1. Which number comes out as Rg/Rh for the chain once both Rg and the Kirkwood Rh are worked out on C-alpha atoms?
2. Once fully extended, how much extra length lies between residue 176 and residue 204, figured as 0.36 nm per residue of separation less the alpha-carbon to alpha-carbon distance?
3. Could you give me D for the stretch 20-125, from Stokes-Einstein at 37 °C and 0.692 mPa s, where the hydrodynamic radius is the Kirkwood radius over C-alpha pairs? Units µm² s⁻¹, please.
4. D for the stretch 153-237, whole µm²/s, Stokes-Einstein with Kirkwood Rh over alpha-carbon pairs at 37 °C and 0.692 mPa s: what number?
5. How big is the gap, in Å, between the Cα center of the stretch 194-235 and the Cα center of the stretch 1-52?
6. With N set to the residue count of the stretch 130-188, report its C-alpha Rg divided by 2.2 N^0.38 Å to two decimal places.
């Protein structure tokens, strides 16, 4: 485990977005945002640990058909489908496998900006306390939201890449816990066919993301902009 990994029974790819280096030499605050895979296997002890970590809201980024009935054990559960059902947008990415890589990140933000805007609105409107957001594997959709939050705090590309690559490192543990493949080799093959490695694909998307410009084109509400830029008041704007 790394210092940022969460030791939560029922999770294998969970970590704090705090402690990552920013370009001004400071680091992101801990205990504000957590990322993970699906919470379907979290035990009662695991939910207790999450509450002890300060988590008061969970944002589920999965599509409606992926969700299962869940009891947040006193933690608010919010559904915010990051994918949506825009077949025209998704068809080419599903056809060649790019949907499972950062190669779709910037086109997603440009083509269907309302999906991310809704997620950020949910994060901004959450009650006091830490927010955990997740998808199925805690990898791609969760990675896109993480990229937005880290870019908003000017986290260095190297630190953001390190966070993204952690999901490759935890893949064996995720497969053992959840009994399903993380399709690592398929991901690597898709990226290679487009001239990328996991690092280069994420770095390209991350450095290409202009948060202020996207806020403007996506018509993000002022209160949401402030919440994202300050990590819900944890840092000065």
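Every number here is computed from the coordinates shown, using simple stated rules; none is lab data. Treat the numbers as computed from the prediction; the structure is a model and nothing was measured.
1. Using only Cα positions, Rg/Rh for the chain is 0.93.
2. 7.0 nm is the gain from fully extending residue 176 to residue 204.
3. Values: Rh = 16.0 Å.
Here the translational diffusion coefficient equals 205 µm²/s.
4. Details: Rh = 15.4 Å.
Translational diffusion coefficient: 213 µm²/s.
5. 20
6. Details: Rg = 12.4 Å, N = 59, 2.2 N^0.38 = 10.4 Å.
The stretch 130-188 yields a ratio of 1.20.
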